[in-house]
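J.: Before I ask anything, let me first share the structure, which is written out below as structure tokens.
The values are calculated or read from the model by the stated rules, or taken from the named source; none is laboratory data. Please read all numbers here as calculations on a predicted model, not as lab measurements. Cβ placement follows ideal geometry from the backbone for every residue including glycine, while neighbour counts extend to all protein chains displayed. These accessible areas exclude ligands, DNA and RNA; they are computed on the full protein's heavy atoms, side chains included. Shrake-Rupley method; radii C 1.70, N 1.55, O 1.52, S 1.80 Å.
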Amino acid sequence: MMTARRRRLNLGCALLVAFAAVGCGTSAVRSDKSGARRGPVALRLADTAYGPSDDLATFVRRVSEATKGQVRIEVVSVFGGHASDAEAKVVRAVGSGSMDLGWIGSQVFDTLGVTSLSALSAPMLIDSYPLERAVLDSPMAGRMLAGVAAAHVVGIGINPGYLTLPISSTKPLLTPADWTGVGFGHYRSATEEHAIRALGAIPVERFGPYRSKGLSSGELQGFALGLPVYVKLELVEPAPFVAANVVLWPNVHVLVGNPSRLTQLTRAERESLRSALRESGASAAQLATASSTSLLAACALGAHMGLATPEQLAVLRARFGDVYNTLQLDKTSAALLADIEALKAVAVPAKNPIISPSCSI
């Protein structure tokens, strides 16, 4: 009898081969008698946001340029209607073939039987943009992507995103006492939910308009976002308090594809998808500059920034012992955590942001 581990390995190999294989024609693509494709291909990409982010929009444009219009990406926005399981629906839609590509947060995969990306959600581990970039530019990224085969999709690439901070409507969340009883909005993730509970808060799966409604109704008193998104979504007024040096986790996005659909592209076209995604990802310096600029903008809009002391940061980290123990039960996650810790040990330590006295608490 084939073991579960062997089945997963075979599935992973099959999906990776599908991405590397020479394209073939199907009824979904026009072809001539020899089976060769005729004309351009349009790939439908599911995205849960209102519209493509800057890096996703850049990816779409560069794919078209690199393939001279032979591959076009059509973004389907607000896929899943901002429901709490919207990102899971994206992965399932790509796996079933009802969508060709999907753009989703890495954190959702641990609810879909995929453990290879969980280390990216380890609380307070990746706490600087250079460290995030170093992790995603290392061989670890390939190991992380290989694991998504368990969800019947092919991992094409991973793009870095903004570091998320705890943001609140009542006070800066700097100590476990501040977190106790707080309704904390988050994207679906078993690891992140575990971390929120470890701090004494109540995890509530809410994003998009449901996050804003939760703040208005009092269901939510906090959430985690990167500063540029916080400002862009106009959340400063309903939630003005930011723990400015408590980095929870990076908001990393993964591009996945349907294995059968990808085989309809030529080898060069498939490589164009990968290279376009790499080129669209922001550098550590770009992400840091955007966050610094957004901090100033948030302050101008009335935000109040609090800085945790080194002692307070240590107390928060100590609360995550059980989260890390759970992650380390999985061999893949344990190995990746160790590798990230090794990179962090030689990285430049994260520095506190500079906050003007008028904005500081």
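J.: Looking only at helices (runs of 4 or more DSSP H) that fall completely inside segment 265-334, which ones have 2 or more residues that are touching a Leu at 6+ places or on another chain (Cβ under 9 Å) and hydroxyl-bearing (S, T, Y)? Outline the logic, then answer.
T.: Working: elements: 267-280, 284-300, 310-318, 321-327.
Ranges flagged: 267-280, 284-300.
J.: List pairs: first residue in segment 303-327 and on the phi > 0 side of the Ramachandran plot, second residue in a helix (DSSP H, G or I) and open to solvent by 20 Å² or more (accessible area, probe 1.4 Å) anywhere in the structure, Cβ distance under 9 angstrom, at least six positions apart or on different chains.
T.: none
J.: Which condition does A224 not pass, out of (1) open to solvent by 10 Å² or more (accessible area, probe 1.4 Å); (2) over 22 Å from D55 (Cα atoms); (3) aliphatic (A, V, I, L, M), if it passes all the others?
T.: Condition (2) is where A224 drops out.
J.: Could I ask something else about it? Is it true that some residue in segment 242-249 is open to solvent by 40 Å² or more (accessible area, probe 1.4 Å), β-branched (V, I, T) and farther than 18 Å from W103 by Cβ? I'd like the intermediate steps shown before the answer.
T.: Going residue by residue through segment 242-249, those that are open to solvent by 40 Å² or more (accessible area, probe 1.4 Å) are none.
No, there is no match, as no residue in segment 242-249 is open to solvent by 40 Å² or more (accessible area, probe 1.4 Å), β-branched (V, I, T) and farther than 18 Å from W103 by Cβ.
J.: Which residue, of A190, A177, A198, is open to solvent by 20 Å² or more (accessible area, probe 1.4 Å), touching a Ser or Thr at 6+ places or on another chain (Cβ under 6 Å) and of a type in the set (A, V, I, L, M)?
T.: On the way: A177 fails: touching a Ser or Thr at 6+ places or on another chain (Cβ under 6 Å); A198 fails: touching a Ser or Thr at 6+ places or on another chain (Cβ under 6 Å).
Going through A190, A177, A198 in turn, just one is open to solvent by 20 Å² or more (accessible area, probe 1.4 Å), touching a Ser or Thr at 6+ places or on another chain (Cβ under 6 Å) and of a type in the set (A, V, I, L, M): A190.
J.: Okay, next question. Based on this model, can you work out whether A18 counts as open to solvent by less than 30 Å² (accessible area, probe 1.4 Å), part of a helix (DSSP H, G or I) and at pLDDT below 95? Working first, answer last.
T.: Details: open to solvent by less than 30 Å² (accessible area, probe 1.4 Å): yes; part of a helix (DSSP H, G or I): yes; at pLDDT below 95: yes.
Here the answer is yes, as A18 does meet what is asked.
J.: Filtering segment 146-160 down to residues that are aliphatic (A, V, I, L, M) and open to solvent by 30 Å² or more (accessible area, probe 1.4 Å), which residue is nearest to A350 (Cα to Cα)?
T.: At the first step, the residues of segment 146-160 found to be aliphatic (A, V, I, L, M) are 146, 148-151, 153-154, 156, 158.
With open to solvent by 30 Å² or more (accessible area, probe 1.4 Å) added as a condition, the list becomes 146, 150.
Values: A146: 30, A150: 34 Å.
Among residues in segment 146-160 that are aliphatic (A, V, I, L, M) and open to solvent by 30 Å² or more (accessible area, probe 1.4 Å), the one nearest to A350 (Cα to Cα) is A146.
J.: Does segment 242-260 include one or more residues that are in a helix (DSSP H, G or I) and at pLDDT 95 or above?
T.: Applying the first criterion (in a helix (DSSP H, G or I)) to segment 242-260 yields 259-260.
Now drop any that are not at pLDDT 95 or above, which leaves 259-260.
Within segment 242-260, one or more residues are in a helix (DSSP H, G or I) and at pLDDT 95 or above.
J.: Right, here's the next one. Can you name the residue in segment 323-361 that is of a type in the set (S, T, N, Q) and more than 20 Å from H304 (Cβ to Cβ) and is also least open to solvent (accessible area, probe 1.4 Å) among such residues? Outline the logic, then answer.
T.: Start the filter on segment 323-361 by keeping residues that are of a type in the set (S, T, N, Q), which leaves 325-326, 328, 332-333, 352, 356, 358, 360.
With more than 20 Å from H304 (Cβ to Cβ) added as a condition, the list becomes 325-326, 328, 332-333.
Values: N325: 91, T326: 67, Q328: 97, T332: 61, S333: 2 Å².
Restricting to residues being of a type in the set (S, T, N, Q) and more than 20 Å from H304 (Cβ to Cβ), the top hit is S333.
J.: Go through segment 50-72 and count every residue that is under 16 Å from V254 (Cα atoms), touching a helix residue (DSSP H, G or I) at 6+ places or on another chain (Cβ under 7 Å) and open to solvent by less than 20 Å² (accessible area, probe 1.4 Å).
T.: Of the residues in that region, 1 qualify.
J.: For segment 62-77, state whether one or more residues are under 20 Å from A190 (Cβ atoms) and of a type outside the set (A, V, I, L, M). Before you say what the answer is, go through the steps one by one.
T.: If we filter segment 62-77 for residues that are under 20 Å from A190 (Cβ atoms), which is where we start, we get none.
No: segment 62-77 contains no residue that is under 20 Å from A190 (Cβ atoms) and of a type outside the set (A, V, I, L, M).
J.: Another one. Name the residues in segment 94-116 that are farther than 24 Å from R62 by Cβ and either touching a helix residue (DSSP H, G or I) at 6+ places or on another chain (Cβ under 7 Å) or crowded, with 18+ Cβ neighbours inside 10 Å (or both), would you? Give the derivation first.
T.: Going through segment 94-116, the residues farther than 24 Å from R62 by Cβ turn out to be 95-98, 107-116.
Result: G95, G97, Q107, V108, F109, D110, T111, L112, G113, V114, T115, S116.
J.: So which residues in segment 133-188 are touching a strand residue (DSSP E or B) at 6+ places or on another chain (Cβ under 8 Å), free of Cβ contacts under 8 Å to residues at least 60 places away in the same chain, more than 19 Å from D110 (Cβ to Cβ) and among the small types (G, A, S)?
T.: If the condition is that a residue be touching a strand residue (DSSP E or B) at 6+ places or on another chain (Cβ under 8 Å), free of Cβ contacts under 8 Å to residues at least 60 places away in the same chain, more than 19 Å from D110 (Cβ to Cβ) and among the small types (G, A, S), then G181, G183 are the ones that fit.
J.: Further question: T263 fails exactly one of the following numbered conditions: (1) closer than 30 Å to G97 by Cβ; (2) open to solvent by less than 70 Å² (accessible area, probe 1.4 Å); (3) under 23 Å from the mean Cα position of the chain (by Cα). What is the number of that condition?
T.: Failed condition: (3).
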